[in-house]
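Step one of this worksheet: look at the structure below.
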Amino acid sequence: MKSAAKIILGSVMAVLLGACVAPKPAAISDITFATVAADEPQAQPERNLYFIPPPSLDGQRTVEDVLQAYGPYARLKLAPYFAKANVSYPPREVAFIALKQEKKLELWAKHSGEFRFIRDYDIQAASGVSGPKLRQGDRQVPEGIYRIEGLNPNSHYHLSMKINYPNQFDRFHAWQEGRSKPGSDIFIHGKASSIGCLAMGDEAIEELFVLTANVGVDNVKVVIAPHDPRVYPLAVDTEKLPDWTLELYSNISREIHALSPTVKSVKTGL
């Protein structure tokens, strides 16, 4: 009887101990993407299968670490959007159009010919109101035509991409008006809080970060507008905004119309 009890107790303990051990996550190299019939549901890999590697000896993760961790998942999610737009991945050029009022960030890309709409993302947070950024600490998301200045794989906001605010236009008008501190360190980043940046959430920034790294920062343009000028014109309240805002909004409108001439037919079917 005692022997039988020991056997039963041992079996129970084995089951309980087994339940406490989490299954080992699959490595990226273990995952293959098989071709399946178009009418069959395609299984998507779980995002939590991908982990940022531990920091290297110098305490810093690299862009390559991020690409290894999130690249396959991000590219798999982007693939159907690029296929639908008939744009090769990675494309030659990318444009992000950020619309503050609509809280949308549109992704446009081209391999050859004109830019095509790929998809849009919800902006999770963007502090401030309509109007350009003027000074450090005003919590304004800037407005203008920018470039990606660098990729930060060690951001406090998961991942981030720094834009080149203040650009030449911003610096000129700050100098002209005697504003010595127009602000700096404006990012597109993860999470959902903002003090002048565009917070996209973690999954969205993974896609945008991987895409930008694959395309190259020199081939990415960022246009930030107070609202969509393709819906109604950008108006300037001269009592609240500087006189040069009229020139800025003209530049933004022209750039967005040039980047996305087919926006109505592509996005709304009109």
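The values are calculated or read from the model by the stated rules, or taken from the named source; none is laboratory data. On a predicted model such as this, the values are computed, not experimentally measured, just so you know. Because the Cβ atoms are built from the backbone with ideal geometry, glycine has one as well, and the counts that use them run over all protein chains shown. Heads up: the accessible areas ignore ligands, DNA and RNA and are worked out on the full protein's heavy atoms, side chains in. Shrake-Rupley method; radii C 1.70, N 1.55, O 1.52, S 1.80 Å.
Selection within the range 77-95: residues that are touching a Phe, Trp or Tyr at 6+ places or on another chain (Cβ under 8 Å) and buried (at least 16 other Cβ atoms within 10 Å of the Cβ). The member of this set that is farthest from Phe209 (Cα to Cα) is Ala85. Within the range 172-205, track down each residue that is closer than 19 Å to Lys100 by Cα and aromatic (Phe, Trp, Tyr). Scanning the range 172-205 gives a single hit, Phe187. Got at least one residue in the range 110-124 being of a type in the set (Gly, Ala, Ser) and either buried (at least 17 other Cβ atoms within 10 Å of the Cβ) or in contact (Cβ under 8 Å) with a residue 40 or more places away in the chain (or both)? Scanning the range 110-124, I find no residue that is of a type in the set (Gly, Ala, Ser) and either buried (at least 17 other Cβ atoms within 10 Å of the Cβ) or in contact (Cβ under 8 Å) with a residue 40 or more places away in the chain (or both), so the answer is no. Can you pull out the residues in the range 151-192 that are more than 14 Å from the chain's Cα centre (by Cα) and open to solvent by 60 Å² or more (accessible area, probe 1.4 Å)? Listed by number, the residues that qualify are His156, Gln168, Arg171, Phe172, Trp175, Gln176, Glu177, Gly178, Ser180, Lys181, Asp185.
Taking every residue in the range 140-151 that is under 11 Å from Gln168 (Cβ atoms) and hydroxyl-bearing (Ser, Thr, Tyr) and pairing it with any residue that is open to solvent by 20 Å² or more (accessible area, probe 1.4 Å) and in a strand (DSSP E or B), at least 6 positions away or on another chain, the pairs with Cβ-Cβ distances below 8 Å are Tyr146/Lys221. Of all residues in the range 86-137, count the ones that are modelled with pLDDT under 95 and closer than 23 Å to Pro261 by Cβ. Number of matching residues: 4. Restricting the first member to the range 162-185 and to residues that are over 30 Å from Val63 (Cα atoms) and free of Cβ contacts under 8 Å to residues at least 60 places away in the same chain, and the second to residues that are part of a loop (DSSP other than H, G, I, E, B) and open to solvent by less than 40 Å² (accessible area, probe 1.4 Å), the beta-carbon pairs closer than 7 Å and six or more apart or on different chains are Ala174/Pro166; Ala174/Pro182; Arg179/Leu134.
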